[in-house]
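The values are calculated or read from the model by the stated rules, or taken from the named source; none is laboratory data. Fair warning: this is a prediction, and the values are worked out from it, not measured in the lab. Cβ placement follows ideal geometry from the backbone for every residue including glycine, while neighbour counts extend to all protein chains displayed. SASA here: full protein model, heavy atoms, side chains in, ligands and nucleic acids out. Shrake-Rupley method; radii C 1.70, N 1.55, O 1.52, S 1.80 Å.
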Amino acid sequence: DLVAAEDEAFRAVRRAENHAAHLVNAKTNAQIGLWASREVYVRALVAGTIAVLVLLAVAFRNLYRRARRDAARIEQLAHFDPLTGLANRSLLDDRLARLVALAERNAAPLAVLLFDLDGFKAVNDMHGHAAGDSLLVAVAQRAASCVRASDTVGRLGGDEFLVLLPDTDREGARAVAHKLLEAMARPFDVGPARVGVSASIGGAFLPGQPVAGGALVRAADAALYESKRRGRNAYTEAADVPGEPGPGAGS
């Protein structure tokens with residue numbers, strides 16, 4: 001009859017709606033699952049990328065630190081004496097050239113003191129080279145304590161040391177030289193031994209000496225050997241250039 005037909009039609013529509021809803025829900029759930037899996041993948045990818053970036057940053061930082069340490073080490077080897085830590089000949093030459101140019105430009109005084117140790121060879125012969133090295137390290141420390149922070153103490157080689165004193169006249173250099181003489185005359189403890197040495201010092205100056213740094217050092221070297229000739233443990237100033245009044249040699 002008509003009522004039964006309508007009921008059947010209504011049930012058919014409901015079944016169709018339920019089937020359609022089931023299909024929609026299944027597709028929606030599949031899409032949700034797909035996006036969820038993609039989200040997990042994306043999160044894993046991002047996490048992995050971050051981890052790689054962190055590792056790269058750490059590696060770069062370590063390489064940068066190592067490069068800085070290597071550069072500092074190269075700088076140390078290039079410009080500083082490995083035994084005493086003082087400026088080496090290369091750095092002394094550079095600083096002396098700069099100081100000479102500055103002294104000329106500003107008409108400022110500059111003093112150069114060159115000294116070596118009296119009796120160093122005897123220490124080496126009697127106590128060995130290790131004791132000699134310990135002595136040189138102690139000498140470097142004492143010499144550095146006799147000068148200002150703006151001054152430079154360097155080791156030319158062996159037991160020969162150079163002191164650069166910017167803005168220092170003869171009187172100021174003489175005061176430093178006597179400090180060095182007193183410091184070097186005190187006994188040194190090198191290992192189990194106590195040894196005694198002294199210093200022979202020569203000084204050269206601007207204005208009044210040839211303007212080349214090498215000429216200043218040669219003048220100081222000649223004055224040093226005059227100190228040796230006079231009996232050692234002494235300070236001698238380089239002879240004045242013609243036309244410049246001055247005290248000449250002193251001790």
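For the reader, a short list of remarks on this structure follows.
- Here the range 79-133 has 56 percent of its accessible surface on carbon and sulfur atoms, given a 1.4 Å probe and all protein chains in place.
- Accessible area per residue, Å², the range 63-204 with all protein chains present, probe 1.4 Å: 50
- By average C-beta atoms within 10 angstrom, highest first, the peptides 54-64, 184-194: 184-194, 54-64
- Nitroxide proxy distance, nm - points 7 Å out along Cα→Cβ at A78 and A44: 5.1
- Extension gain from R65 to N29, taking 0.36 nm per residue of separation minus the Cα-Cα distance: 7.7 nm
- Taking amide hydrogens as placed 1.01 Å from N in the peptide plane, the amide H of V197 sits under 5 Å from those of F188, each at least 5 positions away in sequence or on another chain.
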